[in-house]
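Here is the structure we will look at, set down as structure tokens.
Every number in this text was worked out from the coordinates using simple rules, so none of it is lab data. Computed from a predicted model, the values in this text were never measured in an experiment. Note that each Cβ is placed from the backbone with ideal geometry, even for glycine, and that neighbours are counted across all protein chains shown.
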Amino acid sequence: MTANTQITSEQREAAELEIREKQKLIDYDTRDYSVEMLMRKYLDGIKNNKNKLFIPAYQRKFVWDERRQSEFIESILLGFPISSLIFAKDRNSERLEIIDGGQRIRTLANFLNNEFKLKNLKEIKKLNGFRFSDLPLARQKRFQRSTLRAIVLTDNTNEDVIQSIFECINNTGGV
């Protein structure tokens, strides 16, 4: 591959300065949340839209079928690394807006609320047909203690940046 000789050193410097300036707009922390904590934040107050972890209106509707939900639950049970969730801290409250991870959060809620049976599992086949309540109590507790990593954009992060992150993730399938 040959270098593009039409780009000047001034253009390279200007591009580098722009990258550095834009990077300053993103401020975040990384946190690990237990499934139990995520579900408490998501489900407590959901009926009156007062939950601490919420799915904004611009997010797509829930689309995962039982097979896809089952695969996700199996991944957690097996301790597989799960892609980070991305939240944004709401400027006006202590609430966290889900930028990426709405399907996963809803799947956890559905499973813990016994709304579907595991099916088509490839690794833990003996769990096919199980609901959360069918698991032994000790396994239920271990599942609830499982942790998921979240990137939490602070309230210093610009709304345009949050929207850009959402669009990038949803247009490319991930960052």
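General remarks:
- Across Arg145, Arg20, Arg106, mean-square fluctuation computed from a Gaussian network of the chain (C-alpha pairs under 10 Å connected) peaks at Arg20.
- Label-point separation, Leu78 to Asp29 (7 Å along Cα→Cβ), nm: 3.3
- Gyration tensor verdict on the range 1-103 (Cα atoms; rounded if a/c is under 1.5, prolate if a/b is larger than b/c, oblate otherwise): prolate
- Mean shadow area of the range 124-175, taken as a quarter of the surface of its Cα convex hull (nm²): 6.3
- Note on Ile46 and Ala15: their simple-model spin labels are 4.6 nm apart, each label 7 Å out from Cα toward Cβ.
- Two-decimal Rg/Rh across the chain, once Rg and the Kirkwood Rh are taken from alpha-carbon atoms: 1.09
- Antiparallel DSSP beta bridges within the range 29-172, as percent of all bridges there, nearest 5: 60
- Between helix 102-112 and the chain: long-axis angle, C-alpha atoms, 0 to 90°, nearest 10: 10
- Simple point charges give the picture: +1 on the Cβ of Lys and Arg, -1 on the Cβ of Asp and Glu, and for the chain a dipole about the Cα centre of about 1260 debye.
- Order of Ile26, Ile86, Ile99 - criterion: other Cβ atoms within 10 Å of each residue's Cβ, fewest first: Ile26, Ile86, Ile99
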